[in-house]
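Okay, so here's the structure we're looking at.
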Number of protein chains: 4
Amino acid sequence: MSELEELRNTIRSFSEARDWDQFHSPKNLVMALIVEAGELVEHFQWLKQSESQDLSPKKLEAVEEELADIFVYLIRIADKLDIDILEAAKKKILSNESKYPVEMVRGKAKKYTEY
Amino acid sequence: MSELEELRNTIRSFSEARDWDQFHSPKNLVMALIVEAGELVEHFQWLKQSESQDLSPKKLEAVEEELADIFVYLIRIADKLDIDILEAAKKKILSNESKYPVEMVRGKAKKYTEY
Amino acid sequence: MSELEELRNTIRSFSEARDWDQFHSPKNLVMALIVEAGELVEHFQWLKQSESQDLSPKKLEAVEEELADIFVYLIRIADKLDIDILEAAKKKILSNESKYPVEMVRGKAKKYTEY
Amino acid sequence: MSELEELRNTIRSFSEARDWDQFHSPKNLVMALIVEAGELVEHFQWLKQSESQDLSPKKLEAVEEELADIFVYLIRIADKLDIDILEAAKKKILSNESKYPVEMVRGKAKKYTEY
């Protein structure tokens with residue numbers, strides 16, 4: 001079993017043991033995910049770009065926890081919708097490679113619809 | 001190399017080839033992540049809980065893409081902050097297991113501070 | 001002076017007195033706004049639709065505070081960008097009236113691009 | 001009638017004419033609001049602080065539309081929950097004034113729990 005499948009199963013058991021599946025509709029789970037994303041953003045809202053690259057150990061630990069929360073919900077949503085998140089990411093990167101050809105976008109940060 | 005490390009490296013190369021590292025401060029990346037989370041939520045905003053469990057193939061595909069986008073930014077942020085996202089998730093689940101003891105929370109959806 | 005202009009001025013003075021203008025770039029302020037939006041969503045994430053229409057007094061008060069936070073940042077962003085938020089809303093509603101003609105959308109919740 | 005009450009009524013009529021009240025549970029509306037907040041953030045994600053203060057006319061117009069969308073949903077949620085958003089904002093500012101005393105926070109951007 002891959003490490004992601006293992007993690008998915010751990011999360012599944014965690015939720016089943018607590019009878020939380022009843023709350024875990026995809027609708028509710030995407031709300032939970034964006035709530036965690038908001039908590040992540042909170043750590044960075046008043047920082048300068050450079051400060052965001054040089055977090056204190058305490059802040060870094062808090063950020064790590066938020067990333068973990070997002071990851072857990074991401075895996076849970078994918079599980080509920082029967083999506084292989086690893087394959088999805090690989091596919092998306094391939095698609096981005098053709099949407100954003102190196103020679104056209106090098107050093108520029110625009111959306112592909114703006115090229 | 002694990003599958004997550006491989007994915008991280010692919011994303012790294014993708015970004016380096018485009019000279020996008022200059023835009024990828026943690027501050028900017030967390031913004032990009034929550035933007036994608038918002039696009040994910042958009043697919044579910046008007047759905048009933050039951051509808052959210054039974055997406056059309058077209059909608060499911062769109063949702064899969066949003067999950068992939070979130071995953072990619074999540075890995076990218078972790079990479080930039082030198083965080084092991086898999087370890088972070090495992091640690092968080094362990095911590096949640098003691099914050100939410102089965103016998104206390106079974107079938108209830110409250111925050112641990114409310115118990 | 002209108003009530004919105006008065007509120008804008010109060011927020012301005014609040015910020016100036018604390019020398020917080022240096023943090024209030026539009027980039028930082030939109031982050032702050034979405035963080036508050038996430039806190040709002042948190043109150044609703046595990047609720048059934050019907051429960052969300054029938055909040056306890058304590059929860060209602062917490063929700064009211066989140067709405068206030070969002071409102072304050074919204075006015076602040078508009079102020080910083082010299083946007084008349086009231087006019088902008090009126091204009092948007094007019095535009096929505098032509099994008100979503102009554103006879104076409106009655107009782108349906110789709111995005112205009114899907115019609 | 002105040003300008004905010006007028007706007008609230010316009011939004012009410014807009015929704016009633018389309019029979020959209022059935023979709024406008026507070027749960028759904030807070031999702032819609034954060035989706036718009038995400039679209040707002042998207043305009044700023046790759047910008048430098050200084051660039052965010054100096055938007056092109058085209059970008060400024062797009063940002064204005066996002067602010068309008070957020071404002072409309074904010075008013076709609078408050079209406080559905082019978083909250084006076086103007087009073088709520090004034091109350092919150094008063095509370096912030098005591099949470100963040102000028103002499104303690106001048107020139108610093110921390111959360112009140114960190115003081």
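The values are calculated or read from the model by the stated rules, or taken from the named source; none is laboratory data. Computed from a prediction, not measured in an experiment: that's the story for all the values here. Here the Cβ is made from the backbone with ideal geometry for all residues, glycine too, and neighbour counts use every protein chain on show. With ligands, DNA and RNA removed, areas are computed over all heavy atoms of the protein, side chains included. Shrake-Rupley method; radii C 1.70, N 1.55, O 1.52, S 1.80 Å.
Within region D:106-115, identify whether any single residue is more than 7 Å from every other protein chain (Cβ to nearest Cβ), open to solvent by 40 Å² or more (accessible area, probe 1.4 Å) and touching a residue at least 24 places away in the same chain (Cβ under 8 Å), and answer yes or no. Checked against the condition, which is being more than 7 Å from every other protein chain (Cβ to nearest Cβ), open to solvent by 40 Å² or more (accessible area, probe 1.4 Å) and touching a residue at least 24 places away in the same chain (Cβ under 8 Å), region D:106-115 yields no hits at all.
With the structure loaded, tell me whether residue B:58 is more than 7 Å from chain A (Cβ to nearest Cβ) and touching a helix residue (DSSP H, G or I) at 6+ places or on another chain (Cβ under 9 Å) or whether it fails that test. Taking the combined requirement at face value, the residue does not satisfy it.
In this structure, residue B:36 does satisfy being under 20 Å from residue A:26 (Cβ atoms) and part of a helix (DSSP H, G or I). For region D:69-78, what are the residues that are open to solvent by less than 20 Å² (accessible area, probe 1.4 Å) and of a type in the set (A, V, I, L, M)? The answer is D:70, D:74, D:75, D:77, D:78. The single condition among (1) assigned to a loop (DSSP other than H, G, I, E, B); (2) more than 14 Å from chain B (Cβ to nearest Cβ); (3) within 26 Å of residue B:46 (Cα to Cα); (4) not hydrophobic (A, V, I, L, M, F, W, C) that residue D:16 does not satisfy is (1). For residue C:16, the test of being in contact with an Asp or Glu (Cβ under 9 Å, 6 or more places away or on another chain) and open to solvent by 40 Å² or more (accessible area, probe 1.4 Å) is failed. When region A:70-89 is filtered for residues that are more than 12 Å from the chain's Cα centre (by Cα) and more than 7 Å from chain B (Cβ to nearest Cβ), the ones remaining, listed by number, are A:79, A:80, A:82, A:84, A:87.
The listed residues are B:51, B:66, B:61, B:87, and the only one of them that is over 24 Å from residue C:28 (Cα atoms), of a type in the set (D, E, K, R) and surrounded by 21 or more Cβ atoms within 10 Å (Cβ to Cβ) turns out to be B:66. Return yes or no: is residue C:92 surrounded by 16 or more Cβ atoms within 10 Å (Cβ to Cβ), without any contact (Cβ under 8 Å) to a residue 40 or more places away in the chain, over 18 Å from residue C:24 (Cα atoms) and in contact with a helix residue (DSSP H, G or I) (Cβ under 7 Å, 6 or more places away or on another chain)? Judged against the criteria, residue C:92 is a match. Looking at (1) touching a Lys or Arg at 6+ places or on another chain (Cβ under 8 Å); (2) part of a helix (DSSP H, G or I); (3) among the small types (Gly, Ala, Ser), which one does residue D:107 not meet, given that it meets all the others? Here residue D:107 clears every test but (2).
When residue C:93 is tested against (1) within 18 Å of the chain's Cα centre (by Cα); (2) within 30 Å of residue A:21 (Cβ to Cβ), only condition (2) is not met. Is region B:79-93 home to any residue that is of a type in the set (Gly, Ala, Ser) and either within 24 Å of residue A:93 (Cα to Cα) or assigned to a helix (DSSP H, G or I) (or both)? Yes, there is a match, as at least one residue in region B:79-93 is of a type in the set (Gly, Ala, Ser) and either within 24 Å of residue A:93 (Cα to Cα) or assigned to a helix (DSSP H, G or I) (or both).
Here is a yes/no grid of residues against (1) surrounded by fewer than 23 Cβ atoms within 10 Å (Cβ to Cβ); (2) in contact (Cβ under 8 Å) with a residue 40 or more places away in the chain; (3) within 23 Å of residue A:44 (Cα to Cα):
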| residue | (1), (2), (3) |
| --- | --- |
| C:8 | yes, yes, no |
| C:20 | yes, no, yes |
| C:23 | yes, no, yes |
| C:56 | yes, no, no |
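Within region C:37-44, does at least one residue satisfy the condition of being under 16 Å from residue D:73 (Cα atoms) and open to solvent by 40 Å² or more (accessible area, probe 1.4 Å)?
Yes, region C:37-44 has at least one match.
For region D:66-114, a residue qualifies if it is of a type in the set (Asp, Glu) and closer than 27 Å to residue C:55 by Cα, and the qualifying residues are D:69, D:79, D:82, D:84, D:87.
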